[in-house]
1. If a residue must be under 30 Å from Asn417 (Cβ atoms), open to solvent by 40 Å² or more (accessible area, probe 1.4 Å) and modelled with pLDDT of 50 or more, how many such residues does the stretch 646-685 contain?
2. Restricting attention to the stretch 114-130, and to residues there that are in contact (Cβ under 8 Å) with a residue 12 or more places away in the chain and not hydrophobic (A, V, I, L, M, F, W, C), which single residue is surrounded by the fewest Cβ atoms within 10 Å (Cβ to Cβ)?
3. For the stretch 95-108: of the residues being of a type outside the set (D, E, K, R) and either without any contact (Cβ under 8 Å) to a residue 24 or more places away in the chain or touching a strand residue (DSSP E or B) at 6+ places or on another chain (Cβ under 8 Å) (or both), which is most open to solvent (accessible area, probe 1.4 Å)?
4. Go through the stretch 501-517 and give me each residue that's surrounded by fewer than 20 Cβ atoms within 10 Å (Cβ to Cβ) and of a type in the set (D, E, K, R).
5. Take the stretch 376-420 and flag every residue that is polar (S, T, N, Q), more than 23 Å from Gly640 (Cβ to Cβ) and surrounded by 21 or more Cβ atoms within 10 Å (Cβ to Cβ).
6. Sort out which residues of the stretch 599-617 are in a helix (DSSP H, G or I), open to solvent by 10 Å² or more (accessible area, probe 1.4 Å) and more than 15 Å from His566 (Cβ to Cβ), and write them in order of number.
7. Which members of the stretch 317-334 meet the condition of being open to solvent by 50 Å² or more (accessible area, probe 1.4 Å) and either more than 21 Å from Arg367 (Cβ to Cβ) or in a loop (DSSP other than H, G, I, E, B) (or both)?
Amino acid sequence: MSAPRYWAFISYSSHDARVARWLQRAIETWPVPRRLVGAPTPAGPAPRRFSPLFRDRSELAAEADLATRLTAALEASAYLIVVCSPQAAASRWVDEEIRQFRDLHGPGRILAVIAEGGEGPAREAAFPPALRYRDEAGGRIGAEPIAADLRPGKDGRRLARLKLVAGMLGVGLDEIIHREAQRRAGRLTAIAIAASVGATAMAGLAALAIVSRNEARLQRDQAEGLIETMLTDLRGRLEPVGRLDLMDGVGAKALAYYAAQDPASLDAASLERRARALQLMGQINLNRGHPDLALAAFRQAAATTGELLARKPGDGERIFAHAQSVYWVGEVAYETGDSAAAERGFATYLALAESLTRLDPGRDDWRMEVGYATYDLGALYLAEGRTSAAAATLTRSLQVWQDLRGRRPADTDVAANLAEALAWQSEAFEQQGRLAEARAQRLAELALYRGLLAKNANLADARFGVIVAERALARQAFFGGDSARAVAGYRDVVAKAEAQLKLEPDNVRLSGEVVVTQLELGEALLAEGLTAAAEAARLRALQLLAAAPPRGQDAREWRQHRARAHLLQAAILATRKDAPAALRLDQAVLGQLPAKSTGATDTRWLADRARFQAGDALAMLGRRGEARVAWSAVEADLAGPPAPTWPRLAALRTSARRRLAASSSGSGKAPSPGSRRSSPARGRP
């Protein structure tokens, strides 16, 4: 008999693919004892190895007639090995393969491996119907096949493999076990002889190995020191002149160098250098607008600091270092819009920061980490519209920074972070409709910034913070119905921000703040009926938006700013009775936004505002049925419960209901968009 094309066909369900892969490797690599090679088996002379086995159905996926090809593979196989489990028992394909093989070769060459199942009847339920050996009349149709058992407490992998090859060789299991033991003994003898011969050589080589190891370690230390020096020194020289692009090649080679290393094989000093360098590369790539490269670097850094922490779990400095790594992973995820990954990163960062404070409650720098982590997490919740969770988390952050301020009243960084925490808390209050509390937090924030600037007028972050806080106060006045005070406040903020932008024309953050302030000013002016002034504010915002936007999170914000500018333009066109042009703009904006957004988010507000304005434009065109559909969509989205508390969403909901009520009563003329109070979008806190 000639050797078959396949020594076995492995039949399995997709649930058991991992077991099937192991079986194929285990049997194909098992060496048949030399004394049995060539001996007759039920399928022909015994080979040196049972290879190949047929397993992967994917190689047949491109065939025109899958059933024909499977039948051909079954016909060309000497044995059928069935991976048995409840999932295999339910598989029509597995049952059909067993029946076809039995028809082609009889039941004597079918072997079974139990991967899952219980005892007694539950064990039998793991066998596909074709292996239960009863015909329709209940009579037996073949002997029960050899069944190796991989379940816990049963044969285990080694004995299961030996059972299967014994069945394929047609010999008793005890003979295979005996020959396997002989082979192992022979191998151990050979190893012992080789070891005794090699011991002498090893003694001589040991000294050489130590020298070589030390030399390799020295070279590695020098290479890593050079990388770290290049990253720090080059960054320090190139960043001030805006030429970080010259570091792209260095960063790519450094990433490749570190990716080829196994952190587990490095000593602590190398791991620390590696982590510092990777974090530097991540920050450089983030500043350069390459979030994918930044994320790769930060993930490698996190793996490195994680390895260091695993070696000394209670070491505070290592906990701190790992906390920085996972923070950056979360930050990049946040900037690229992956909220789930950002939340995991920030939550892990907070847990690590809390473990630091438990180690040493008296260390203020470790308590600061809790403050940072809580307002990072709270800001994320706020961006997702989870205002209750945001308010609770941000309250905790505020408490941390207030306590630190009491302990370190002269610390500028603590004061700045307290102001930031107040800003986020004010933002949470504003989204909950608690405008008086939101205003109080903003005034406290402003007092901190002005106190810092009184001591040092050159604090750029404090100057920027004043602009943002004063814009928020103008917005809150607008939400409270005081349009005149809002317009005055916005104009004052615009004057300050534009003056600062002349001094810092490349400051993207400041430019974005001017854009938002001009748009909010335009909306407030339009609500006051000052259409020409509103158009001038919109055009200034568009002028700044025409510049290439930054990448990552800022790019998404700038796309929202552009959509908002179009909506303001549509509202202005509507006041000028150009309803067709207004409708086109409203519908274009709506087409660019996600189909569904929940929570108190800018995206949701923009979408509902576009629907609302489209309804107004349709009503002006006399298309009242379509207008009602648009207003109804707004009302349905904001119907609750709970009812939206964010002033801009609450105002839209109220206005949509009024439009619907008026149109139902039949008393309404086309609405006058210029008389409607519009609500500005949330910027940074």
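The values are calculated or read from the model by the stated rules, or taken from the named source; none is laboratory data. All of these numbers come straight from a predicted model, not from anything done at the bench. Positions of Cβ are backbone-derived with ideal geometry, glycine not excepted, and every protein chain shown enters the neighbour counts. We work out accessible area using only protein heavy atoms, side chains counted, and drop any ligands, DNA or RNA first. Shrake-Rupley method; radii C 1.70, N 1.55, O 1.52, S 1.80 Å.
1. The number of residues fulfilling the criteria is 0.
2. Among those residues, the one meeting the criterion is Pro129.
3. His105
4. Of everything in the stretch 501-517, those that are surrounded by fewer than 20 Cβ atoms within 10 Å (Cβ to Cβ) and of a type in the set (D, E, K, R) turn out to be Lys502, Glu504, Asp506, Arg509.
5. Selection gives Thr393, Ser397, Asn417.
6. Arg604
7. Hit for the stretch 317-334 is Tyr334, nothing else.
Results for (1) within 26 Å of Thr412 (Cβ to Cβ); (2) touching a helix residue (DSSP H, G or I) at 6+ places or on another chain (Cβ under 8 Å), shown as yes or no for each residue.
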| site | (1), (2) |
| --- | --- |
| Asn458 | yes, no |
| Ala462 | yes, yes |
| Val466 | yes, yes |
| Val494 | no, yes |
